[in-house]
1. Go through the stretch 10-33 and give me each residue that's aromatic (Phe, Trp, Tyr) and over 9 Å from the mean Cα position of the chain (by Cα).
2. Restricting to the stretch 1-36, what's the tally of residues that are of a type outside the set (A, V, I, L, M), surrounded by 10 or more Cβ atoms within 10 Å (Cβ to Cβ) and in contact (Cβ under 8 Å) with a residue 12 or more places away in the chain?
3. Restricted to the stretch 81-101, and to residues that are farther than 14 Å from ILE45 by Cβ and either touching a residue at least 12 places away in the same chain (Cβ under 8 Å) or aliphatic (A, V, I, L, M) (or both), which residue is surrounded by the most Cβ atoms within 10 Å (Cβ to Cβ)?
4. Which of the residues spanning the stretch 1-21 are charged (D, E, K, R), modelled with pLDDT under 90 and out of contact with any Phe, Trp or Tyr (no Cβ under 9 Å at 6 or more places or on another chain)?
5. What do you reckon, is ASP24 among the acidic types (Asp, Glu) and modelled with pLDDT under 80?
6. Please note which strands (runs of 3 or more DSSP E) are completely contained in the stretch 36-135 and include at least 2 residues that are modelled with pLDDT of 90 or more and farther than 25 Å from PHE14 by Cα.
Amino acid sequence: MDADGRNLRPLSPFEMFEYTPNVDQFGRILYARWDYVDRHRVPCISLWSTLPDGSNAQEVFGNYLPRNPHCTFEARSIPNSRKLVFPASAHHGATAGSLVLLEPNRGTNNESAMNRGPRPLPTRRRWPLDASRRG
């Protein structure tokens with residue numbers, strides 16, 4: 001949008017959900033993207049980035065990596081570094097959990113790019129939910 005709030009327009013034509021935008025230290029917008037429909041049964045809410053005008057959308061981490069944690073919500077830059085940090089979140093759970101240090105330069109789908117802290121909360125739900133958890 002313009003500085004005066006006019007000419008509001010979407011940054012993304014993506015047909016699903018995009019969450020928790022944040023500007024990183026390089027001026028890119030980081031966001032979590034729900035991108036698992038019709039692919040496989042493992043939730044995939046991965047980390048993406050775009051330039052402020054919505055151009056050059058690209059995967060930052062985890063789009064084809066079935067993993068624990070399931071989600072990369074609320075990613076933030078670490079100053080003077082290419083590293084990021086995010087809370088290890090469950091799919092459809094609270095955006096909370098152990099912190100994950102992410103080194104995206106180690107590969108967009110390389111699980112070793114994540115270094116996790118202690119795990120105080122569940123960061124994964126069984127998929128599909130078993131009968132005892134359905135309600």
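The values are calculated or read from the model by the stated rules, or taken from the named source; none is laboratory data. Small disclaimer: the values here were computed from a predicted structure and weren't measured. Neighbour counts run over all protein chains shown; Cβ positions are idealised from the backbone, glycine included.
1. Start the filter on the stretch 10-33 by keeping residues that are aromatic (Phe, Trp, Tyr), which leaves 14, 17, 19, 26, 31.
Within the stretch 10-33, PHE14, PHE17, PHE26 meet the criteria.
2. 15
3. Restricting to residues being farther than 14 Å from ILE45 by Cβ and either touching a residue at least 12 places away in the same chain (Cβ under 8 Å) or aliphatic (A, V, I, L, M) (or both), the top hit is LEU84.
4. To start, the set of residues in the stretch 1-21 that are charged (D, E, K, R) comprises 2, 4, 6, 9, 15, 18.
Right, trim to modelled with pLDDT under 90 and you get 2, 9, 15, 18.
If the condition is that a residue be charged (D, E, K, R), modelled with pLDDT under 90 and out of contact with any Phe, Trp or Tyr (no Cβ under 9 Å at 6 or more places or on another chain), then ASP2, ARG9, GLU15 are the ones that fit.
5. Details: among the acidic types (Asp, Glu): yes; modelled with pLDDT under 80: no.
So ASP24 does not fit the description; no.
6. Details: elements: 45-50, 58-61, 84-87, 99-102, 114-116.
Output list reads 99-102, 114-116.
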